[in-house]
Structures are given as C-alpha cells and as structure tokens.
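Following: one structure in structure tokens, then a few remarks.
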Amino acid sequence: VWRFVLIKLHLMLFQVFVLYGISVKNFAKKKGKLVYTGAKMFGVPLENLPRRYIPEFGLVPCFLVDGCSLLLDRVGTVGLFRKPGSLPRVKILREKLNRGDDALSTASPYDTATLVKQFCRELPELLFPSELHAALLKAQALPDLQDKMAALQLLSCLLPAKNSSCLQYLFDFLHKVSQRCSDNLMTSSNLATVFVPCLLPPPNKTEMSEERLELRVLVLRTFIEFPHVFGNKLIVLVEYQFKISLADFLLNASHFRCDS
C-alpha cells in the first residue's frame with residue numbers, strides 16, 4: 001500500500017540510508033564565517049546577490065537568469081561552454097558586472113558562457129555542498145536505474161532552498177542547450193564534463209582518478225538529461241514494502257537528525 005507522507009530533512013536522510021545504504025554528512029549546521037569581498041557579483045554568497053523570483057524555480061540570481069536567457073538566444077553556437085571566451089574581454093566584463101553595470105547585452109556567447117562558469121565556480125560555498133559529494137557519487141554508482149534516480153532525487157532534496165533554486169534553473173537551462181547538440185555539438189555529457197569543476201570539483205588527488213571523475217560527470221549528466229528529477233522537495237512516495245515505518249523513523253531519528 002502506497003501512502004503519501006510529508007517529508008522533512010531528517011526523514012529523507014533516514015530513507016536514503018535505509019533504502020540505499022547512503023549516509024550524508026551534516027552540512028545544515030555548517031559553521032564558519034564567509035568572507036565578503038565587497039564585489040557585487042563574483043565570489044558573493046547567494047543570499048547577498050540580487051535574485052529574481054522565477055515561479056517554476058524560486059529565487060535565482062539575476063546574473064544567472066540574464067546570462068542564461070541571452071545564451072538561449074544563441075544556443076546554436078558551436079562549442080558553447082567548451083570554447084573559452086576572450087580573457088581580456090571577460091576581465092573587462094567582470095569589472096563592469098562587479099560595479100553593477102549592465103554588461104551582458106553586447107557580450108559574445110563565448111564570453112557570457114565563460115562568465116556563467118566563473119560565477120558558479122567562484123561562489124564562496126559550492127552549489128553542491130562538499131559534504132554531499134560522496135553520497136551523490138555512491139547514488140550514481142547504484143546498479144539499478146530506478147534506485148539510482150530515486151536516490152539522486154532524494155539527495156537533491158536535502159539542499160538548502162537557495163542552492164536548490166539555482167541548480168534547478170541551471171539544469172533546466174543546460175537541458176535546453178543539450179537539446180540543440182546537433183547545432184552546438186554540446187551533448188549532455190560534454191556539458192557535464194565542463195561543469196564538473198564548477199559544481200562537483202574533486203577535493204584531492206584521490207578523487208581525480210578516472211573512475212571518480214567519470215562518476216562526477218555522470219551525476220551532472222543525469223540531472224541535465226532529467227532536470228525534473230532534481231529537487232522535488234516536500235512530498236515523496238514512501239512504500240511500506242520498504243519497511244520504513246514512522247515507528248522505525250522515530251526510533252532512529254536522533255541518529256539521522258539534521259535540522260533545516
């Protein structure tokens with residue numbers, strides 16, 4: 001018998017552990033003072049950036065919305081995100097954007113794509129918190145496709161709202177870019193590869209092995225190919241055949257507690 005259950009963070013942690021054997025480090029209470037550089041755009045915490053409400057996604061940084069919208073108008077550009085922009089031009093554009101000037105309307109698609117990657121890479125905190133990386137890789141490595149998709153979806157639900165909105169918007173945009181791969185030659189795999197350093201950068205040499213890097217690419221590829229899987233936040237289906245009862249959860253909740 002299926003029942004719909006309103007789920008909060010600690011129940012999702014319990015579910016992903018029991019169903020798939022994946023544990024997640026606690027990042028909800030991560031402490032540490034962020035250094036605010038005074039810049040208006042790059043290297044600025046998400047909560048300090050101008051954001052725009054997009055009904056389908058929530059609050060998304062204005063720069064990301066403007067940059068991706070402009071790129072969609074030039075989505076057929078060959079090698080979009082793979083070919084770098086002009087370093088001198090990108091430097092000038094960054095300076096203008098950090099002053100709060102409108103600089104994107106006349107920028108080339110390669111320069112704009114480079115700025116989007118730099119924006120994601122230079123956030124003080126990664127859009128995918130580093131504490132979540134090992135769990136994402138373990139979920140991607142699950143042999144059963146349905147288990148893999150379900151585990152990745154659950155893990156994406158653990159993200160803070162500001163991260164989730166930004167990533168949902170980005171994956172939806174990259175999905176649209178990949179749909180024009182016959183023109184731009186940027187498949188979902190190509191896009192995932194160029195965005196790994198921005199979203200799932202390896203923290204050490206061990207994680208830079210070919211196998212581990214491939215898993216990172218595959219995680220992003222999955223979310224690009226199936227953006228609807230990402231971050232379906234509050235309601236999930238819990239099947240009692242999986243033997244996750246409220247009693248089990250209440251008995252074990254303290255072990256998986258991660259206050260939102």
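Looking only at the range 151-164, count every residue that is touching a helix residue (DSSP H, G or I) at 6+ places or on another chain (Cβ under 6 Å) and either open to solvent by 40 Å² or more (accessible area, probe 1.4 Å) or assigned to a helix (DSSP H, G or I) (or both) and tell me the total.
Here the count works out to 6.
So T114 fits all but one of (1) closer than 18 Å to G43 by Cα; (2) of a type in the set (S, T, N, Q); (3) touching a residue at least 60 places away in the same chain (Cβ under 8 Å); (4) buried (at least 19 other Cβ atoms within 10 Å of the Cβ); what number is the exception?
(3)
Yes or no, residue by residue, for (1) open to solvent by 30 Å² or more (accessible area, probe 1.4 Å); (2) closer than 21 Å to I22 by Cβ; (3) out of contact with any Cys (no Cβ under 7 Å at 6 or more places or on another chain):
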{"residue": "Q179", "(1), (2), (3)": "yes, no, yes"}
{"residue": "N184", "(1), (2), (3)": "no, no, yes"}
{"residue": "N190", "(1), (2), (3)": "yes, no, yes"}
{"residue": "V194", "(1), (2), (3)": "yes, no, yes"}
{"residue": "M208", "(1), (2), (3)": "yes, no, yes"}
{"residue": "R221", "(1), (2), (3)": "yes, yes, yes"}
{"residue": "I224", "(1), (2), (3)": "no, no, yes"}
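With the structure loaded, tell me whether P88 is free of Cβ contacts under 8 Å to residues at least 12 places away in the same chain and open to solvent by 10 Å² or more (accessible area, probe 1.4 Å) or whether it fails that test.
Spelling it out, P88 is indeed free of Cβ contacts under 8 Å to residues at least 12 places away in the same chain and open to solvent by 10 Å² or more (accessible area, probe 1.4 Å).
What are the residues in the range 57-85 that are open to solvent by 80 Å² or more (accessible area, probe 1.4 Å) and either in contact (Cβ under 8 Å) with a residue 40 or more places away in the chain or part of a strand (DSSP E or B) (or both), if any?
R82
Yes or no, residue by residue, for (1) more than 30 Å from K83 (Cβ to Cβ); (2) assigned to a helix (DSSP H, G or I):
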{"residue": "P124", "(1), (2)": "no, no"}
{"residue": "F128", "(1), (2)": "no, no"}
{"residue": "L136", "(1), (2)": "no, yes"}
{"residue": "L142", "(1), (2)": "yes, no"}
{"residue": "M149", "(1), (2)": "yes, yes"}
{"residue": "C166", "(1), (2)": "no, yes"}
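Just to be sure, is M41 within 27 Å of H133 (Cα to Cα), in contact with a strand residue (DSSP E or B) (Cβ under 9 Å, 6 or more places away or on another chain), assigned to a loop (DSSP other than H, G, I, E, B) and modelled with pLDDT under 90?
Judged against the criteria, M41 is a match.
Conditions: (1) open to solvent by 10 Å² or more (accessible area, probe 1.4 Å); (2) modelled with pLDDT of 95 or more. G100 meets all but one. Number of the miss?
(2)
For the range 119-141, what are the residues that are open to solvent by less than 30 Å² (accessible area, probe 1.4 Å) and not aromatic (F, W, Y)?
C120, L123, L127, P129, L132, H133, A135, L136, L137, A139, Q140
The values are calculated or read from the model by the stated rules, or taken from the named source; none is laboratory data. Worth saying up front: this structure is predicted, and the values here are computed from it rather than measured. Glycine also receives a Cβ, built like all others from the backbone with ideal geometry; neighbour counts cover every protein chain displayed. Ligands, DNA and RNA are excluded from the accessible area calculation, which covers all protein heavy atoms including side chains. Shrake-Rupley method; radii C 1.70, N 1.55, O 1.52, S 1.80 Å.
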